[in-house]
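Participant: Below you will find the structure I want to go over with you.
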Amino acid sequence: VDVNLAYLLAHANWNGNLALVKHVVLVLSGKGGVGKSTITTELALAFKHAGKKVGILDVDLCGPSIPRMLCVGRPDVHQCDSGWVPVYTDAQKSLALMSIGFLMEDPDEAVIWRGPKKSAMIAQLVSDVAWGELDVLLVDTPPGTSDEHLAVLENLRKHRVDGAVLVTTPQAVSTGDVRREITFCKKTGVRILGIVENMSGFVCPHCTECTNIFSKGGGEELAKLTGSVFLGSVPLDPLLSASVEEGRDFAESFPNSATFSSISSISQVLLKSLEND
């Protein structure tokens, strides 16, 4: 990937591309593999079904998976006077997406960049997308706490960040990593909007009974210990996994499922928190 650092910094539009965005929410996880991008995608779809205009900024440099989850492939990214035009996933233009994956020449190529180059690319992604009017912009970040997160925060703060949603799984290993994410948020002054426990039990595709394969309640316990809001839990559901793999809208396909009910409830609590702020 040949991206000139000086060009990125010179062409970053520091002005008004976020001016019409009402709320900006970071989605963070302490470790990879906990389903952060899945939760980001499903929250965005739930917001869309609630009548909101939503954007997703996918800055996970090493694993930009949201384009596949929303079945948009690798479209050409066009430019307007204000910057890059996001890719819309529906005819109504109610869900917009910009991903680092759109800018890669080869989707199988690894991003082997040092910190300054990553930070410059993130700066341009944050500042140079012409979002227009949005109710909520969800920012899907890489796992952990690194240069990329600091770059996202530094550039978004020129506008405003409402807070962060932290995604964990029930196991102690994952909740331990989220503790460090909570410390990161406190040190950088980011409000924690709440914790989501993903893969919280397995939903049988035959009888729909939920079995706790890993453990249960780690996310809720962590929320209590740290004084954070527990937004809810999402089970490990084969139907949700298949929908994400195939780029289908889970809410449209399985509106009566317990898993969708959980996601919808989390989105409603989060929206209420944002709108009452």
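Participant: Go through GLY232, MET104, VAL129 and say which Cα lies farthest out towards the positive end of the charge dipole of the chain; charges sit on Cβ, +1 for Lys and Arg, -1 for Asp and Glu.
Facilitator: GLY232
Participant: So, one more: What percent do you get for the relative contact order of the chain when only Cα pairs under 8 Å and 6+ apart count? Show your work: numbers first, answer last.
Facilitator: On the way: 548 pairs, mean separation 68.3, N = 277.
Rounded, it is 25 percent for the chain.
Participant: Next question. Treating the beta-carbon of each Lys and Arg as +1 and of each Asp and Glu as -1, no other charges, what is the dipole magnitude of the stretch 171-277 about its Cα centre, to the nearest 20 debye? Spell out each step's value before the answer.
Facilitator: Values: 9 positive and 13 negative charges, 119 e Å.
Charge dipole, the stretch 171-277, about its Cα centre: 580 debye, nearest 20.
Participant: Report the calculated FRET efficiency for GLU209 and SER82 (r = Cβ-Cβ distance, R0 = 35 Å), to the nearest 0.05. Walk me through the numbers on the way to the answer.
Facilitator: Values: r = 51 Å, r/R0 = 1.45.
The formula returns an efficiency of 0.10 here.
Participant: Mind putting a number on the dipole of the stretch 27-148 about its Cα centre? Charges go on the C-beta only, +1 for Lys and Arg and -1 for Asp and Glu, and I need it in Debye to the nearest 20.
Facilitator: Numbers: 11 positive and 16 negative charges, 65 e Å.
Here the stretch 27-148 has a charge dipole of around 320 debye.
Participant: In the chain, if the dipole is taken from +1 on Lys/Arg beta carbons and -1 on Asp/Glu beta carbons about the Cα centre, which of VAL269, THR169, MET69 is farthest to the positive end?
Facilitator: Positive-end residue among those listed: VAL269.
Participant: Still on this model: How much mean residue ellipticity at 222 nm does the chain get from its helices, if each DSSP H run of length 4 or more adds -39500 (n - 2.57) and you divide by all residues, to the nearest 500 deg cm²/dmol? Spell out each step's value before the answer.
Facilitator: On the way: 10 runs with 105 residues, N = 277.
Rounded to the nearest 500, it is -11500 deg cm²/dmol.
Participant: Taking H placed 1.01 Å from N in the peptide plane, check which residues at least 5 places from VAL139 or on another chain put their amide H under 5 Å from its amide H.
Facilitator: VAL25, LEU26, VAL27, LEU57
Participant: Taking the Cα centre as origin and putting +1 on Lys and Arg beta-carbons and -1 on Asp and Glu beta-carbons, what dipole magnitude results for the chain, to the nearest 20 debye? The partial results should precede the final answer.
Facilitator: Working: 24 positive and 32 negative charges, 188 e Å.
Dipole magnitude for the chain comes out near 900 debye.
Participant: Tell me the per residue accessible area of the chain using a 1.4 Å probe; a whole number in Å² is fine.
Facilitator: Numbers: 12490 Å² over 277 residues.
Here the residues of the chain average 45 Å² of exposed surface.
Participant: Which lysines have a Cα lying under 30 Å from the Cα of LYS117, excluding residues fewer than 8 positions away in the same chain?
Facilitator: Partners found: LYS22, LYS31, LYS36, LYS158, LYS186, LYS187.
Participant: OK, next. Out of the stretch 101-200, which trypsin sites (Lys or Arg not before Pro) are coil in DSSP terms and have no more than 16 other C-beta atoms within 10 Å? The partial results should precede the final answer.
Facilitator: Numbers: sites: ARG114, LYS117, LYS118, ARG157, LYS158, ARG160, ARG179, ARG180, LYS186, LYS187, ARG191; in loops: ARG114, ARG157, LYS158, ARG160, ARG191.
Listed in order of number, the matching sites are ARG114, ARG157, LYS158, ARG160, ARG191.
Participant: For the chain, which whole-number percentage of the solvent-accessible area (1.4 Å probe, protein heavy atoms only) is attributable to carbon and sulfur atoms? Walk me through the intermediate numbers first.
Facilitator: Values: 6270 of 12490 Å².
Here carbon and sulfur together make up 50 percent of the probe-accessible area.
The values are calculated or read from the model by the stated rules, or taken from the named source; none is laboratory data. All of these numbers come straight from a predicted model, not from anything done at the bench. Note that we place each Cβ from the backbone using ideal geometry, even for glycine, and neighbour counts take in every protein chain shown. Accessible surface is based on the protein model in full, side chains and every heavy atom, while ligands, DNA and RNA are left aside. Shrake-Rupley method; radii C 1.70, N 1.55, O 1.52, S 1.80 Å.
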